[in-house]
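K.L.:
Encoded as C-alpha cells, here's the structure I'll be asking about.
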Amino acid sequence: MVNIKLESSKPLVAVVDDEKEITELLAEELNDEFQVVQFNAPQKFIEAIKTNMITPAVLITDLKMPILNGLEMLKLVAELGLSVPTIMFSGYLDKDDAITALELGVIHILEKPIDTSVVRDVVKDSIVDWELMQTRKDIHELAKQIKELYSTLRLSISNYVAKDIVDKIFMTQDGKNEGFDVLLDNIENKLEVLLNEEMLLSKAKQAQFKNALAKQAGRS
C-alpha cells in the first residue's frame with residue numbers, strides 16, 4: 001500500500017521513474033515551488049490514482065520502465081478517468097508512439113540526460129495547462145449550478161409569483177427584459193465561444209509539439 005502525506009498547498013507534481021536517483025534529483029529541483037511525490041514503479045503510481053490518494057497537477061514520467069512503460073501506464077491512467085498534463089523522458093519516439101503520447105496527455109518530451117533547469121521551466125508551463133483544465137471544469141460546474149438554482153427557485157415560487165415578475169429582476173444592460181432563460185442561454189453561448197477559442201489554442205499547441213516530434217524523429 002502506498003503511503004503519501006499531502007500537506008502542501010503547492011501544485012502537486014508526480015514523478016514516476018524506475019531510477020530512484022532521477023526522482024530524487026527532480027524532487028530536489030522542484031520542491032521549493034511544488035509538492036513532489038516520487039514513484040519508482042509505475043504500478044505504485046496507478047495504485048495511488050485508483051485509491052484517490054493523489055490527483056497531480058503535472059505528471060513527469062520516463063518512457064522506458066520495467067513491467068509497464070510510460071505509454072502503457074498513461075493508458076491505465078486514462079482508463080481511470082484522469083486527465084493530467086504529462087512530461088515524458090525519451091530519447092526517441094516513433095510516429096505511432098508520438099501520436100499515442102499526444103492522445104494520452106503528453107505535452108512535452110525531454111531527452112536524457114536530464115537538465116533539471118529545463119524540467120523546472122517545462123513544469124511551470126504545464127501548470128498553466130492544468131489551470132486551464134481546472135478553469136474549464138469550474139466554469140461548466142458554475143453554469144450548471146446557476147441553471148439548477150434558477151430552476152429550483154422558479155419551481156418553488158411558481159404558485160405564488162408570476163413568471164414575468166421574476167424575469168423582470170434580470171435585465172440586460174440596455175434595459176431590455178429578455179427573460180432569465182434567454183439570459184442564461186446567452187451566457188452559455190458566450191461561454192462556449194470562449195471555451196472553443198481556448199480549445200483551438202490548445203490544438204495549435206499540440207500541432208507545434210507534433211511537428212517538433214516529427215523533426216526529432218527525422219534527426220534520429
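Derivation of every value follows stated rules applied to the coordinates shown; laboratory data play no part. Note that this is a predicted model, so its numbers are computed, not measured. Methodologically, a virtual Cβ is constructed for each residue, glycine included, from the backbone with ideal geometry; neighbour enumeration extends over all protein chains shown.
K.L.:
Residues of the stretch 24-64 with backbone nitrogen within less than 20 Å of a virtual label 7 Å along the Cα-to-Cβ line of residue 117, please, listed as ranges.
P.N.:
Inside the label zone: 25-34.
K.L.:
If the chain between residue 50 and residue 150 were fully stretched, how many nm would it gain, using 0.36 nm times the residue separation less the Cα-Cα distance? Present the calculation step by step, with values, prior to reporting the outcome.
P.N.:
Working: separation 100, 0.36 × 100 = 36.00 nm, distance 3.61 nm.
Value of the extension gain: 32.4 nm.
K.L.:
Using only alpha carbons, build the gyration tensor for the stretch 13-57 and give me the equivalent ellipsoid semi-axes, biggest first, whole Å. Display every interim value, and only then the final one.
P.N.:
Details: eigenvalues 64, 38, 5 Å².
The answer is 18, 14, 5 Å, longest axis first.
K.L.:
Right, something else. Taking the highest mean first, how do the peptides 71-80, 52-61, 142-151 order by number of other beta carbon atoms within 10 angstrom per residue? Could you put the intermediate results ahead of the total?
P.N.:
Numbers: 71-80: 17.1, 52-61: 20.5, 142-151: 12.6.
Answer by packing, highest mean first, reads 52-61, 71-80, 142-151.
K.L.:
Just to be sure I understand the model, the point goes 7 Å from the Cα along the line to the Cβ. What's the resulting residue 92 to residue 28 distance in nm?
P.N.:
3.1
K.L.:
Once phi is turned into θ = phi - 60°, what whole-Hz ³J(HN,Hα) does the Karplus curve with 6.51, -1.76 and 1.60 give for every residue of the stretch 74-88, x standing for Gly and Pro?
P.N.:
Ordered by residue, 3J(HN,Hα) equals 5, 5, 5, 4, 5, 5, 7, x, 9, 10, 9, x, 10, 10, 10 Hz.
K.L.:
What size of dipole, in debye to the nearest 20, comes out for the stretch 80-123 about its Cα centre when the only charges are +1 on Lys and Arg C-beta atoms and -1 on Asp and Glu C-beta atoms?
P.N.:
On the way: 3 positive and 7 negative charges, 30 e Å.
Computed about the Cα centre, the dipole is about 140 debye.
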